[in-house]
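The values are calculated or read from the model by the stated rules, or taken from the named source; none is laboratory data. Just so you know, these numbers come straight off a predicted model, no measurement behind them. Ideal geometry is used to build each Cβ from the backbone, glycine not excepted, and the neighbour counts take in all protein chains shown. For accessibility, only protein heavy atoms count, side chains too; no ligands or nucleic acids. Shrake-Rupley method; radii C 1.70, N 1.55, O 1.52, S 1.80 Å.
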Amino acid sequence: MGLYVDVARRRSVLIVRLSGELDHHTATQVRQRLENELSKEIDTNLVLNLEDLTFMDSSGLGVVLGRYRQISQLGGQMAVCSVQPSIHRLFEMSGLFKVFSFYENEEQAIQACGVAS
Amino acid sequence: MSEVHKNFMELSFASRSENESFARVAVASFISQLDPTMEELTDIKTVVSEAVTNAVIHGYEEKTDGVITIRTYMEGHKVSIEIVDQGLGIDNVDEARQPLYTSKPELERSGMGFTIMENFMDEVTVESQAGQGTKIQLVKHLKTHQQTIQH
Ligand SMILES: Nc1ncnc2c1ncn2[C@@H]1O[C@H](COP(=O)(O)OP(=O)(O)OP(=O)(O)O)[C@@H](O)[C@H]1O
Ligand SMILES: [Mg+2]
């Protein structure tokens, strides 16, 4: 169990793939890692790939929304992709579906950010 | 003869964030004897995670010397889960239960915990007293296999 954070870059897009379980305990690690990566100021856009995320609760909503605010302040775009149905429900419930863009796969999410930047 | 299946478990643990995953897995594994669907199991894991996280963050403000107790009762297809802390308690429960209400926005909380509990469970009861602690009771009627377990 636990959470694994994998980071890749393509042009101005920081691609973050989360696998495992995102809760209050593991959220700290994601927050620190992403704040650190974003502070390098190489990237202006963020793609969050949740394909291998097997569990998430409200702590995950908080981290995702926090990074959205951070990237918006830097003038960038954020896209979330490959969200599993159980996690999809949480995003819907919280209204975050209306706040940022969701895509079926990583390529579409990257394209969406790339075109806009 | 068959009768309504009844069972019970109780566990207590330190108010440490690493116990959040332990707590939801323990309850899910106990419930699995009722043969729930994947969706029901995920719902239960999520709400246990919400209530335990609230006890850790709000009840004990991340101090690790608090105790959190979970009791899980089964009766037929009804599952009741109690999550109890002896932490700070909640001044205004009605306000706390409002969607998007959080007393800790600086910690990137979204204020969705109670809303998720209410959406995923059939009943949510909150008993709390400032300075005394909080007890959350969550009830769900599993819709799976209408069989009674043979004795
Ligand atoms: N066990 C508890 N002890 C003390 N206060 C609590 C407890 N549980 C909840 N609260 C209070 O109720 C509020 C709402 O809880 P809720 O879980 O809905 O949101 P949150 O925990 O603030 O944010 P999120 O759950 O989205 O991360 C909390 O901000 C807190 O003030
Ligand atoms: Mg909460």
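Of note:
- B:Lys78 - accessible surface, heavy atoms, 1.4 Å probe, Å² rounded to 10: 80 Å²
- Estimated at the nearest 10 Å², the accessible area of A:Leu74 is 80 Å² with a 1.4 Å probe.
- Inter-chain shielding of A:20-27 (mean C-beta neighbours from other protein chains, 10 Å cut-off): 6
- Note on the protein assembly as shown: antiparallel DSSP beta bridges, both residues inside, total approximately 70 percent of the bridges counted.
- Between the range B:108-142 and the range A:11-52, the alpha-carbon center distance in angstrom: 29 Å
- Calculated FRET efficiency for the pair B:Asp122/B:Thr64, C-beta based, R₀ 30 Å, to 0.05: 0.35
- When the square roots of the Cα gyration tensor eigenvalues are ordered a ≥ b ≥ c, the ratio a/c for the range B:24-93 is 1.5 or more and a/b exceeds b/c, which makes its shape prolate.
- The slack in the chain from B:Val139 to B:Ser29, taken as 0.36 nm per residue of separation less the alpha-carbon distance, amounts to 37.9 nm.
- For the protein assembly as shown, the number of Lys pairs with C-alpha atoms closer than 14 Å, counting only pairs eight or more positions apart or on separate chains, is 4.
- Phi-based couplings in Hz for the range A:25-31 (Karplus 6.51, -1.76, 1.60; Gly and Pro marked x): 5, 8, 4, 4, 5, 5, 4
- Helix-derived mean residue ellipticity, 222 nm - over chain B, DSSP H n ≥ 4, -39500 (n - 2.57), to 500: -8500 deg cm²/dmol
- Calculated on the Cα set of chain A, radius of gyration then Dmax: 12.8, 36 Å.
- On association of chains B and A, roughly 1900 Å² of accessible area becomes buried (total for both chains; probe 1.4 Å).
- Helix A:58-73 and the longest principal axis of the C-alpha atoms of chain A enclose an angle of approximately 10°.
- Shown here is the pair-distance distribution of the protein assembly as shown: with all Cα-Cα distances grouped in 5 Å bins from zero up to the longest one, the shares run 1, 6, 13, 16, 17, 14, 12, 9, 6, 4, 1, 1, 0, 0, 0 percent.
- Under-5 Å amide H pairs with A:Arg10, H placed in peptide plane, nonlocal only: A:Ile15
- Computed from Cα atoms, the angle from the helix A:106-116 axis to the main principal axis of chain A rounds to 40 degrees.
- Between B:Gln132 and A:Val99, the FRET efficiency estimated from the beta carbon spacing at R0 = 30 angstrom works out to 0.20.
- Projected over every direction and averaged, the convex hull enclosing the alpha-carbon atoms of chain B yields 8.8 nm².
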